[in-house]
Amino acid sequence: MHIHLPDERIPEILQAMLNDPNCGTIYRIKGALPLKQNRWLSINLTQKKAELQTVSNGQSVLIVIGDQLNRAALDAHLKAENTDPDYVSI
């Protein structure tokens, strides 16, 4: 997955996806996203808890688990602030 979001905006973007009814019913978002200075953000997010940890190694991936997911709506949240021109859909 080619994606690079501003570090400080990642939690807000993920929370917006989780709470946007246009995205479908999301139960969990998990994976990892790159941060500045060769760090990674490990993600495990549900409606009840958010586990976001900075780690030294990772691979760009976001997995969205839910019902009636709307890929276009999910992508819209990410594309709005993505700076990687080679972005591939979630």
Given only helices, namely DSSP H runs of n ≥ 4 each adding -39500 (n - 2.57), what is the per-residue ellipticity at 222 nm of the chain, to the nearest 500 deg cm²/dmol?
-6000 deg cm²/dmol
Charge dipole (the chain, unit charges on Cβ, about Cα centre) - positive-most of P85, V55, P6:
V55
If you place +1 on the Cβ of every Lys and Arg, -1 on the Cβ of every Asp and Glu, and leave all else neutral, what size is the dipole of the chain about its Cα centre, to the nearest 20 Debye?
260
Solvent-accessible area per residue, Å², over the chain with all protein chains present [probe radius 1.4 Å]:
60
In the chain, what percent of the accessible surface is made up of carbon and sulfur (1.4 Å probe, ligands and nucleic acids excluded)?
47
Around R28, which amide H atoms from residues at least 5 apart in sequence, or from another chain, sit under 5 Å from its own amide H, with H modelled in the peptide plane?
I65
Considering amide H positions built from the backbone, and no H for Pro or chain starts, which residues 5 or more places from N70, or on another chain, come under 5 Å of its amide H?
G24
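Give me the number: length gained by fully extending A72 to S89, i.e. 0.36 nm times residue separation minus the C-alpha to C-alpha distance, one decimal in nm.
Working: separation 17, 0.36 × 17 = 6.12 nm, distance 0.86 nm.
Full extension from A72 to S89 adds 5.3 nm.
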Compute the angle between helix 10-19 and the longest alpha-carbon principal axis of the chain, please, reported from 0 to 90 degrees and rounded to the nearest 10.
10
Dividing the convex hull volume of the alpha carbon atoms of the chain by its residue count, what do you get in Å³ per residue?
81
Close lysine pairs (the chain; alpha-carbon distance under 20 Å; 8 or more apart or on separate chains) counted at 4
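The values are calculated or read from the model by the stated rules, or taken from the named source; none is laboratory data. Predicted model only: the values in this text are computed from it and were never measured. As a convention, Cβ positions derive from the backbone with ideal geometry for all residues, glycine included, and neighbour counts pool all protein chains shown. Calculation scope for accessible area: heavy atoms of the full protein, side chains included, ligands and nucleic acids excluded. Shrake-Rupley method; radii C 1.70, N 1.55, O 1.52, S 1.80 Å.
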